[in-house]
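Quick notes on the structure that follows.
The values are calculated or read from the model by the stated rules, or taken from the named source; none is laboratory data. Since this is a predicted model, take the numbers as computed values, not measurements. Positions of Cβ are backbone-derived with ideal geometry, glycine not excepted, and every protein chain shown enters the neighbour counts.
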């Protein structure tokens with residue numbers, strides 16, 4: 001027969017209160033931690049002794065404080081003879097030595113027990129379904145790729161112990177446009193800067209997953225890995241090519257540990273991340289098709305008028321441009337050369353205006369520029385002068401150098417101006433014809 005509880009030592013109960021997958025702690029009436037299980041050291045990364053006396057709320061993410069306080073209040077109000085432990089499906093983020101991580105919370109009110117004198121809180125790291133659900137929720141929102149995929153990176157770190165995971169995407173053939181880690185690390189900069197024989201170059205080149213050790217990479221990357229305390233790296237391409245080329249990078253602390261199903265976990269995360277990256281790329285392409293001129297890449301007519309309408313009630317100036325001598329070039333050399341001329345003119349116009357000004361192709365060889373403040377007469381004339389100069393320079397084509405000019409009409413309106421702002425285009429158009437009747441390659445201000 002088993003001995004009665006009175007014969008058990010305190011150490012016996014302490015050992016029972018330390019399940020391998022949970023952290024058990026006791027908080028007093030002021031929510032100070034009065035006791036914590038030794039499992040806190042390997043789950044949270046903090047020695048148990050260092051947590052005793054600390055404010056328990058300091059370890060919670062600010063967004064989760066109302067929920068946890070509500071759980072604790074509910075536990076105190078329940079009849080302990082009926083329901084002693086409250087376990088919620090909603091998770092909380094708890095600060096660990098490596099950043100906030102997701103835990104499920106359970107609580108038991110034992111303030112009346114003289115041996116406990118507080119509320120027993122159980123933290124169980126069980127983020128798999130939580131993180132997947134969070135990812136699915138974020139994937140429906142209009143957010144950057146990194147914000148949506150971050151829960152998947154956290155999931156991979158959970159399934160591959162002793163790892164640090166990041167997403168690198170928007171590959172241009174030499175560099176990644178963005179690198180998203182789960183937590184700050186110098187490795188992020190190393191991924192941005194590394195070139196040549198970096199492991200992800202081969203992975204994105206069609207070789208598939210690549211695994212390397214610090215001894216097999218360039219010196220700067222090896223130094224960064226050593227400084228971060230990681231011994232090896234696994235690169236798996238998420239989208240191997242195209243402008244959205246991306247891959248998952250998993251850094252391992254101990255190269256000798258088994259990967260324990262890492263391939264399956266990584267493949268699953270890569271597939272889900274690829275769906276998001278490709279969806280965002282498709283949406284980006286659709287937005288571009290709706291707002292951009294397909295030949296020149298400038299804003300199209302609809303986008304120009306939308307931007308102009310948004311300036312109603314503000315200072316605004318419009319330049320209306322029509323090329324001089326373009327039709328003879330197009331007729332003599334063909335549409336391929338004509339298209340090349342239009343693309344070059346578009347590039348020159350974009351380079352000659354200010355950063356916040358908007359340049360559009362309205363159709364054919366007609367262009368427009370929307371000037372933001374300052375856009376007084378002196379500024380309008382200065383920009384018009386510059387546009388005439390850059391357009392009239394010879395343009396190199398497959399048929400040799402060709403030359404076109406541009407006639408520009410300008411109109412502006414202050415904040416208190418009368419009439420709709422889109423009428424400025426009509427006024428600027430009339431001024432443009434005045435410049436054309438005067439011989440072209442000139443500008444007129446209405």
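Of all residues in segment 309-337, exactly one satisfies the criterion of being over 37 Å from the mean Cα position of the chain (by Cα), assigned to a loop (DSSP other than H, G, I, E, B) and more than 17 Å from residue 405 (Cβ to Cβ), namely 334.
Return the residue satisfying two criteria in turn: it lies in segment 61-77 and is surrounded by 14 or more Cβ atoms within 10 Å (Cβ to Cβ) and touching a residue at least 40 places away in the same chain (Cβ under 8 Å), and of such residues it is nearest to residue 113 (Cα to Cα). The qualifying residue nearest to residue 113 (Cα to Cα) is 75. The residues listed here are 60, 65; of these, the one that is touching a strand residue (DSSP E or B) at 6+ places or on another chain (Cβ under 8 Å) and at pLDDT 85 or above is 60. Picking from residues in segment 145-188 that are part of a loop (DSSP other than H, G, I, E, B) and free of Cβ contacts under 8 Å to residues at least 12 places away in the same chain, the one that is nearest to residue 203 (Cα to Cα) is 173. Quick check on segment 90-107: of everything there that is in contact with a helix residue (DSSP H, G or I) (Cβ under 8 Å, 6 or more places away or on another chain) and surrounded by 20 or more Cβ atoms within 10 Å (Cβ to Cβ), which residue is modelled with the lowest pLDDT? Once the filter is applied, the top-ranked residue is 91.
Taking segment 103-117 as the range and being without any contact (Cβ under 8 Å) to a residue 40 or more places away in the chain and either part of a loop (DSSP other than H, G, I, E, B) or outside the structural domain of residue 92 (by TED's automatic domain parsing) (or both) as the test, the residues that pass are 112, 113, 114, 115. Here residue 46 passes the criteria (1) modelled with pLDDT of 85 or more; (2) under 18 Å from residue 106 (Cβ atoms); (3) assigned to a loop (DSSP other than H, G, I, E, B) except the one numbered (2).
Here is the figure for segment 281-302: residues that are out of contact with any strand residue (DSSP E or B) (no Cβ under 7 Å at 6 or more places or on another chain), closer than 20 Å to residue 363 by Cβ and crowded, with 17+ Cβ neighbours inside 10 Å total 0. Taking segment 420-446 as the range and being within 17 Å of residue 311 (Cα to Cα) and assigned to a loop (DSSP other than H, G, I, E, B) as the test, the residues that pass are 420, 421, 422. Looking across 141, 131, one residue alone is at pLDDT 80 or above and not in a strand (DSSP E or B). It is 141. Per this entry, residue 214 is not counted among residues that are over 23 Å from residue 279 (Cα atoms) and modelled with pLDDT of 85 or more.
Let's see how each residue does on (1) buried (at least 16 other Cβ atoms within 10 Å of the Cβ); (2) out of contact with any strand residue (DSSP E or B) (no Cβ under 8 Å at 6 or more places or on another chain); (3) at pLDDT below 90; (4) under 22 Å from residue 428 (Cβ atoms):
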| residue | (1), (2), (3), (4) |
| --- | --- |
| 274 | yes, no, yes, no |
| 319 | yes, no, no, yes |
| 324 | yes, no, no, yes |
| 334 | no, yes, no, no |
| 340 | yes, no, no, no |
| 353 | yes, no, no, yes |
| 362 | yes, no, no, yes |
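Filtered by the rule that a residue be without any contact (Cβ under 8 Å) to a residue 60 or more places away in the chain, more than 14 Å from residue 408 (Cβ to Cβ) and either assigned to a helix (DSSP H, G or I) or more than 31 Å from the chain's Cα centre (by Cα) (or both), segment 342-373 gives 342, 343, 344, 346, 347, 350, 351, 364.
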